[in-house]
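> I'd like to ask some things about the structure below.
The values are calculated or read from the model by the stated rules, or taken from the named source; none is laboratory data. Since this is a predicted model, take the numbers as computed values, not measurements. Every residue, glycine as well, gets a Cβ built from its backbone with ideal geometry; the counts of neighbours run over all protein chains shown.
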Amino acid sequence: MRNFPADTTGLKQRPSGQSGAVYLVGAGPGDPELLTLRADRLLRQADVVVFDHLVSAGVLDRVGANTERIYVGKQESLHSLPQQDINSLLVRLALQGKNVVRLKGGDPFIFGRGGEEAQELVAAGVRFEVVPGVTAASGVSAYAGIPLTHRDYAQSCKFTTGHLKDGSVQLDWAHLVQPNQTVVIYMGLGALPEIGKQLIAHGQLPTMPVAVIENGTTENQRTLVGTLADIASKAQAQGFKSPSLIIVGEVVALRDTLQWFDGMHKQAYS
């Protein structure tokens with residue numbers, strides 16, 4: 001059940017003195033046409049949009065002309081605001097009576113720290129709503145022509161992050177090495193050599209297909225295919241940068257047949 005009215009057509013007609021609300025909105029993986037209808041409407045009606053580094057320019061173009069924008073993006077080893085300060089900012093803006101869109105790349109509740117922010121809002125008594133977005137795993141893999149599941153190759157799929165809160169990559173490697181399984185790794189480009197080394201050490205085949213997709217679903221998308229044994233050196237040689245998604249599994253081999261976006265994206269985005 002929502003903890004405030006679902007109708008957003010009157011967002012700006014609150015009674016004077018009433019506190020605002022925070023909408024934790026998923027911006028999707030980059031292509032603005034992957035926004036949900038609700039996300040698009042909220043972007044046009046919010047008083048303030050607090051947005052991340054991974055939010056694309058095309059999505060930001062949907063923000064209302066009179067809406068205040070606050071950038072709180074995080075890049076590797078470069079945080080414009082610590083997470084606790086972001087939490088406090090959201091609370092402060094809402095208590096000032098503003099309706100706030102907290103705009104995150106992908107989905108707020110999938111490696112988006114949306115859960116941490118929601119906890120802070122609850123503790124402060126601030127009304128909030130979560131607006132799901134297309135997470136990078138599904139959006140980017142689709143645009144790369146890589147199905148995450150397939151009856152002949154993968155009957156399960158696991159999402160994990162290559163960058164833990166303490167900066168380590170101490171993952172549950174044994175559970176990531178299972179037959180007929182696809183593994184999708186968020187924020188793992190910098191740790192790609194260690195990821196490949198550990199997966200092989202825990203029993204994965206060095207020849208297992210791997211894809212790295214940079215700037216997925218956008219006009220700047222690049223896709224690199226290799227194996228666990230060579231993908232890290234290939235990515236380094238070709239200068240791949242974040243944001244990049246890593247996909248490990250037999251389904252990667254289907255890309256040669258199923259890729260559809262790379263040959264048409266220049267025309268589609270022109």
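> Please find, among I185, I146, I195, the residue that is part of a loop (DSSP other than H, G, I, E, B) and either modelled with pLDDT of 95 or more or touching a strand residue (DSSP E or B) at 6+ places or on another chain (Cβ under 7 Å) (or both).
I146
> Pick out the one residue from K165, K234 that is modelled with pLDDT of 95 or more and surrounded by fewer than 17 Cβ atoms within 10 Å (Cβ to Cβ).
K234
> Quick one: which residue in Q181, Q170 is farther than 28 Å from V59 by Cα and crowded, with 16+ Cβ neighbours inside 10 Å?
Q181
> Does F51 meet the test of being on the phi > 0 side of the Ramachandran plot and touching a residue at least 24 places away in the same chain (Cβ under 8 Å)?
In short, no.
> Please identify the pairs in which a residue from the stretch 54-72 that is at negative phi and part of a strand (DSSP E or B) has its Cβ atom under 8 Å from the Cβ atom of a residue that is of a type in the set (D, E) and surrounded by 15 or more Cβ atoms within 10 Å (Cβ to Cβ), counting only partners at least 6 apart or on another chain.
E68/D47
> Here's a check for you: in the stretch 149-162, which residue that is modelled with pLDDT of 95 or more and either of a type in the set (V, I, T) or in contact with a Lys or Arg (Cβ under 7 Å, 6 or more places away or on another chain) (or both) is nearest to R102 (Cα to Cα)?
Selected residue: T160.
> Return a yes/no flag: does the stretch 202-210 have any residue that is in a helix (DSSP H, G or I), surrounded by 19 or more Cβ atoms within 10 Å (Cβ to Cβ) and either in contact with a Lys or Arg (Cβ under 8 Å, 6 or more places away or on another chain) or at pLDDT 95 or above (or both).
no
> Kindly evaluate L148 against the criterion of being hydrophobic (A, V, I, L, M, F, W, C) and loosely packed, with under 15 Cβ neighbours inside 10 Å.
no
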